[in-house]
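The block underneath contains the structure these notes are about, expressed in structure tokens.
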Amino acid sequence: MQDCTTPACRSARSIFLELQECYEEDNLYFQTIGSVLEAADKLAVPHRLKLILSQPKNEIMVHCPVQMDDGSWQLFKGYRVQHNNVLGPYKGGIRYHHEVKLDEVKTLSLLMTMKCALARLPFGGAKGALKVDPRTLSADELMRVTRRMTAALGTNIGPDYDIPAPDVGTDARVMAWMADTYINFAESSSKVTARGVVTGKPLRFGGSAGREKATGQGLVYVLETLLPGMGLQIDQLSFSLIGYGNVGSWTARLLQPLGATLRTVMDHTGAIHNPKGIDAETLAEYVTQTGGVAGYPHAEAIDRETFYATEVDLFIPAALEQMVDLPEARTMRCKVLVEAANAPTTPKAERHLLEKGVEVLPAILCNAGGVTVSYFEWKQNRQSETWDPDEVDARLRTIMSRSAERVLQTAERLDCNLRIASYAAAIEHINHVYEVRGVFP
Ligand code: NAD
């Protein structure tokens, strides 16, 4: 434990010593569980809870042979990690990305356990991934790969057991193929509710109003709850975004009508800047047509370093993990870092930002809008109901603002930062449920 200089690292090292597991200090899973265990150490929770949370319950790996359009064959690797289900069925997105690794999926599944617990949703945490670049496949190939992976997962998913949703590289169309495949395998007595096996489906096939924009909308509700207390007003704010996919583009399109100004955006194709503001709707149309922000005609191209160093009020990462590391944090000039993506900030970067007075709003709070409306979709599917958009928004607002208040109160009570507070508020709920249920046998 000599190399540990932080409480999070010490908490994680001590548990993994007991489990005889070894991780590098910059491993994403080690970093994330470290913060979770640091939060647990602030509470009088039993040691057994820390052991339970420190590893997922199940790690499933599948390999799917699929024939390509040109007649050749490829073997695709898929993961489904089910972290914890004490609160209810496992819940979490499915990611399609060519660089995905097991530790990343484990991390995201742990964050889902924490996220659902913080929002008091009746779900546990899971995450899935397929190692593929979806941009390189035709629509037919994407469908065959999706159907084959769904079949390979078999009874490891189900509306009462584990419910996937969209994430990076997947969308409503992919969810429709997953649901259709699952329904084809379902017993005739359960076909009606079988489509609840996934959420984020198209509206006409059991989807919910408001699911597509849900993560961005939830984030806006969190900002409306927390920013006034930080002396900030949305209508006077400038912001930058990493990622202009589902979460990034909806965040921009929902903040713009409230008077906030999008100044810079970076995605996998490049970075752009306009000091007078970038129109969120026009950029969304451009990205849909071209696949990225590079070449957008109403802004100038900038390099990566300039992107991070541009002064804005809100810096919003909405792409992949660990995109804000210490070198980037050193150059960043913002008042609040808003984690729309999962695990975008390394612990070193977070410490640096907190030291220089930047507020860090944690991902399990900021991006819980997606899973919350997924819960609404699942509920509507079970009851054969269709809620109207206003009802979805009103319910989402209630859950997001309550979660934000819960984090603030926990931070005050435990005298800790907002990330540790968000984990602590989640762990208290999980601990309470273990107390009343007991741990089997
Ligand atoms: P998406 O696939 O729609 O968009 C991903 C974006 O990331 C794209 O704009 C892409 O260009 C960008 N990107 C990829 N690699 C990059 C790189 N190297 N540099 C800069 N940008 C890069 O994905 P999404 O659904 O918007 O998810 C974004 C984040 O939000 C992820 O962390 C995801 O886990 C999280 N999240 C998504 C949801 C949801 O409902 N979709 C819910 C909660 C959390």
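Within the stretch 253-278, how many residues are within 16 Å of the ligand (Cβ to nearest atom) and either assigned by TED's automatic domain parsing to the domain that holds Arg135 or assigned to a helix (DSSP H, G or I) (or both)?
3
State whether the residues of the stretch 36-55 include one that is assigned to a strand (DSSP E or B) and open to solvent by 50 Å² or more (accessible area, probe 1.4 Å). Give the derivation first.
At the first step, the residues of the stretch 36-55 found to be assigned to a strand (DSSP E or B) are none.
No: zero hits.
Only residues that are surrounded by fewer than 19 Cβ atoms within 10 Å (Cβ to Cβ) and either free of Cβ contacts under 8 Å to residues at least 24 places away in the same chain or among the aliphatic types (A, V, I, L, M) (or both) were counted in the stretch 74-85, giving 2. Among the criteria (1) open to solvent by less than 60 Å² (accessible area, probe 1.4 Å); (2) over 21 Å from Glu321 (Cα atoms); (3) touching a residue at least 12 places away in the same chain (Cβ under 8 Å), the one Gly71 does not fulfil is (3). For Lys101, the test of being open to solvent by 10 Å² or more (accessible area, probe 1.4 Å) and either of a type in the set (S, T, N, Q) or free of Cβ contacts under 8 Å to residues at least 24 places away in the same chain (or both) is passed.
Out of all the residues in the stretch 236-245, which are within 30 Å of Thr290 (Cα to Cα) and surrounded by fewer than 24 Cβ atoms within 10 Å (Cβ to Cβ)?
Leu237, Ser238, Gly245 - these are the residues of the stretch 236-245 that are within 30 Å of Thr290 (Cα to Cα) and surrounded by fewer than 24 Cβ atoms within 10 Å (Cβ to Cβ).
Criterion applied to Glu212, Glu224, Glu285, Glu281 was being surrounded by fewer than 24 Cβ atoms within 10 Å (Cβ to Cβ), within 13 Å of the ligand (Cβ to nearest atom) and not β-branched (Val, Ile, Thr), and the one residue passing it is Glu212.
The residue pairs whose first member lies in the stretch 220-233 and is under 11 Å from Leu365 (Cα atoms), whose second member is open to solvent by 50 Å² or more (accessible area, probe 1.4 Å), and whose beta carbons are closer than 6 Å, counting only pairs six or more residues apart or on different chains, are Tyr221/Arg397. The condition of being open to solvent by 50 Å² or more (accessible area, probe 1.4 Å), away from the ligand (no atom under 13 Å from the Cβ) and of a type outside the set (Phe, Trp, Tyr) holds for only one of Arg195, Arg173, that being Arg195. The set of residues in the stretch 358-400 that are open to solvent by less than 70 Å² (accessible area, probe 1.4 Å), part of a loop (DSSP other than H, G, I, E, B) and more than 18 Å from Glu321 (Cα to Cα) comprises Val358, Trp387.
Applying the set (1) within 28 Å of Thr32 (Cα to Cα); (2) within 11 Å of the ligand (Cβ to nearest atom); (3) in contact with a Lys or Arg (Cβ under 8 Å, 6 or more places away or on another chain) to Glu350 leaves exactly one unmet item: (2).
Taking Thr136 as the residue in question, decide whether it is buried (at least 18 other Cβ atoms within 10 Å of the Cβ) and at pLDDT 95 or above. Criteria not met by Thr136. Against the list (1) within 12 Å of the ligand (Cβ to nearest atom); (2) more than 20 Å from Ile364 (Cα to Cα), the condition Trp250 fails is (2).
Name the one entry in Glu328, Glu339, Glu355 that is modelled with pLDDT of 95 or more, crowded, with 24+ Cβ neighbours inside 10 Å and charged (D, E, K, R). Please lay out each step first, then the result.
Numbers: Glu328 fails: crowded, with 24+ Cβ neighbours inside 10 Å; Glu355 fails: crowded, with 24+ Cβ neighbours inside 10 Å.
Only one candidate passes the filter, namely Glu339.
The values are calculated or read from the model by the stated rules, or taken from the named source; none is laboratory data. The structure displayed is predicted, hence computed values, not measured ones. Note: ideal-geometry Cβ built from the backbone for every residue, glycine included; neighbour counts use all protein chains shown. The area values use the complete protein model at the heavy-atom level, side chains included, leaving out ligands, DNA and RNA. Shrake-Rupley method; radii C 1.70, N 1.55, O 1.52, S 1.80 Å.
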